[in-house]
Amino acid sequence: MSANPTGPLHVGHGRGAAMGQAIASLLSASGFDVSREFYINDAGRQLQLLGRSVYARYREYWGKEVAFPEDGYHGDYIRALAETVALTHGQALLENPPELAEPVCAQVASQILLDRIKDDLATFGVQFETWFSEASLHDKGLVQATLDELRERDLVKEKDGAWWFRSSVFGDEKDRVVKKQDGSYTYLAADMAYHRDKLARKFDTLINIWGADHHGYIPRMEATVQAFGHEKESLRVVLVQMVNLLRGTQKIEMSKRAGEFVTLREVVEEVGSDAAKFFFLMRRADSHLDFDLELAKRQSSDNPVYYVQYAHARLASVFRTAHERQVPLPSIQDVDQTLLLQEEELGLIKMLAQYPLIIEASALALEPHRVTFYLQELAAQFHSYYNKNRVLPLMDKAVKSEDGSQGLQMETNEKALGAEHLSVHASLTPALTAARLALLQQVQTVLRNGLTVLGLSAPEKM
RNA sequence: GCGCCCGUAGCUCAAUUGGAUAGAGUAUUGGACUUCGAAUCCAAGGGUUACAGGUUCGAUUCCUGUCGGGCGCACCA
């Protein structure tokens with residue numbers, strides 16, 4: 001994934017991050033060798049704008065006249081950044097012309113913001129092997145080198161004083177400017193250099209996670225990988241649609257221009273990273289997501305996150321109880337599996353058998369939501385089964401009668417119990433308990449693996 | 001105007017990539033705790049898969065058109 005280090009990560013970035021990390025771990029669970037990379041957009045116009053915005057607030061801080069840039073960043077965090085610059089540089093920058101002062105501001109500000117982005121992602125539980133700087137491509141002359149290489153092969157041409165990438169050769173609707181008349185590069189040029197670099201690192205497939213509003217950019221990047229002699233299919237783009245934040249039925253309005261948007265950090269602080277991730281992954285990437293903050297933090301039945309985690313915790317509790325009562329926890333090889341004859345038991349077994357297929361299909365399709373659906377279904381089947389069937393034997397009278405009064409109570413209770421309960425009790429042999437415990441351990445393992453692959457915790461207690 | 005994505009139960013979404021009677025959650029209504037976790041379970045109602053054609057033994061899925069929604073269409077990123 002990528003982001004401009006010009007502001008905090010917002011919920012849209014969060015969805016992308018959750019999606020990217022889930023896809024990455026699904027692929028590695030399926031046997032692929034995966035590397036996660038964050039592309040830092042620390043070059044170009046947006047950064048310039050950041051510098052200009054911070055410099056304006058900096059002048060304001062020292063009581064100077066300012067005309068705040070029309071298209072600048074308006075968020076409150078810009079003032080905070082300006083204060084930091086004021087503390088480290090004092091009034092020194094006031095003496096410099098904007099052309100010198102603004103890049104300094106941009107440099108300081110983007111470094112702080114990048115650190116915060118890294119921190120936010122770490123808190124969210126998303127890791128990257130590589131942080132790739134766009135500016136480093138420019139510094140090393142790789143952008144120009146990329147264009148030169150393509151120019152030699154007649155895939156870049158000069159026209160009207162600008163350089164054009166002949167993407168239409170590969171099916172794009174028209175050619176694209178990569179080097180402007182003023183000699184500076186477009187974003188596309190840097191992106192081409194970046195993809196060239198990645199391809200040179202021998203990845204078979206490049207998977208980009210993009211906001212859905214960038215879909216028009218896909219043909220350009222497909223043309224790029226083809227220009228470097230790779231199949232169009234070696235690039236796969238996952239488009240992530242917008243997140244609609246709700247509080248109950250109330251929509252939370254966001255305006256990036258005015259600097260009013262809900263940050264990823266705020267959401268994670270409010271609902272927790274498990275709930276946030278699960279909600280981000282619950283829907284297909286290319287459908288709009290309604291994210292209800294109230295629902296996400298509600299610890300009740302209608303919250304799908306807790307539903308799945310509860311199943312895991314409930315199982316943990318069963319095994320704890322078994323341990324307390326000194327009922328052994330057998331492994332699946334040591335029990336008589338033919339005792340598991342009930343429809344629900346066979347259903348659970350079939351469901352467990354599907355797990356590897358779900359993981360693989362979900363990985364290949366780059367669709368983590370399939371796993372969230374699967375986990376909800378497995379949890380549902382477990383809850384249903386467990387509600388109907390006893391696993392551990394009822395407390396023995398001998399054990400109970402250590403406490404005299406309770407022993408008496410038990411006796412009257414048994415009479416009060418219906419015939420059905422008695423028959424269930426009677427048929428619950430130690431061998432059946434063992435078989436069911438073994439099955440349930442498999443269920444717990446799959447729940448845990450599924451939660452883990454999505455980046456969620458599998459709690460022992462809740 | 002051109003291009004991409006989408007349209008499935010009141011609402012939010014699934015549907016093993018073309019397979020059997022289209023499934024979940026939520027909401028509504030009614031029921032189940034003195035025992036292994038009720039953050040749970042059971043039951044009921046709810047559908048012309050936007051519409052119209054076409055391909056196929058078979059279509060929510062593929063093709064064409066219409067309507068409706070979202071997003072793109074920079075020498076911005």
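What follows draws every value from the coordinates through simple rules; no lab data is involved. Remember, predicted model here, so these are calculated numbers, not experimental data. Please note: Cβ atoms are built from the backbone with ideal geometry, for glycine as well, and neighbour counts cover all protein chains shown.
The residue pairs whose first member lies in region A:313-333 and is closer than 16 Å to A:LEU447 by Cβ, whose second member is more than 8 Å from RNA strand B (Cβ to nearest atom) and acidic (Asp, Glu), and whose beta carbons are closer than 6 Å, counting only pairs six or more residues apart or on different chains, do not exist in this structure. Please work out if A:VAL156 is surrounded by 21 or more Cβ atoms within 10 Å (Cβ to Cβ), of a type in the set (Val, Ile, Thr) and touching a residue at least 40 places away in the same chain (Cβ under 8 Å). Taking the combined requirement at face value, the residue does not satisfy it. Among the helices (runs of 4 or more DSSP H) confined to region A:256-374, the ones with at least 3 residues that are within 13 Å of RNA strand B (Cβ to nearest atom) are located at A:273-282, A:293-297, A:304-324, A:343-364. Going residue by residue through region A:198-214, is there one that turns out to be buried (at least 21 other Cβ atoms within 10 Å of the Cβ), closer than 19 Å to A:GLU134 by Cα and in contact with a His (Cβ under 6 Å, 6 or more places away or on another chain)? No, every residue in region A:198-214 fails to be buried (at least 21 other Cβ atoms within 10 Å of the Cβ), closer than 19 Å to A:GLU134 by Cα and in contact with a His (Cβ under 6 Å, 6 or more places away or on another chain).
Being over 19 Å from A:PRO8 (Cβ atoms) and either in contact with a Phe, Trp or Tyr (Cβ under 8 Å, 6 or more places away or on another chain) or not small (Gly, Ala, Ser) (or both) is the filter here, so list the residues in region A:72-93 that pass it. Quick ask: steps written out before the conclusion?
Going through region A:72-93, the residues over 19 Å from A:PRO8 (Cβ atoms) turn out to be A:86-93.
Those that are over 19 Å from A:PRO8 (Cβ atoms) and either in contact with a Phe, Trp or Tyr (Cβ under 8 Å, 6 or more places away or on another chain) or not small (Gly, Ala, Ser) (or both): A:ALA86, A:LEU87, A:THR88, A:HIS89, A:GLN91, A:LEU93.
Within this structure, A:HIS214 passes the test of being part of a helix (DSSP H, G or I), near RNA strand B (Cβ under 10 Å from one of its atoms) and out of contact with any Asp or Glu (no Cβ under 8 Å at 6 or more places or on another chain).
From the list A:ALA361, A:ALA311, A:ALA285, the lone residue that is buried (at least 18 other Cβ atoms within 10 Å of the Cβ), closer than 26 Å to A:ALA212 by Cα and under 33 Å from the mean Cα position of the chain (by Cα) is A:ALA285.
Report yes if A:GLU134 is touching a residue at least 12 places away in the same chain (Cβ under 8 Å), more than 26 Å from the chain's Cα centre (by Cα) and either away from RNA strand B (no atom under 16 Å from the Cβ) or closer than 30 Å to A:ASP76 by Cα (or both), otherwise no. No, not satisfied.
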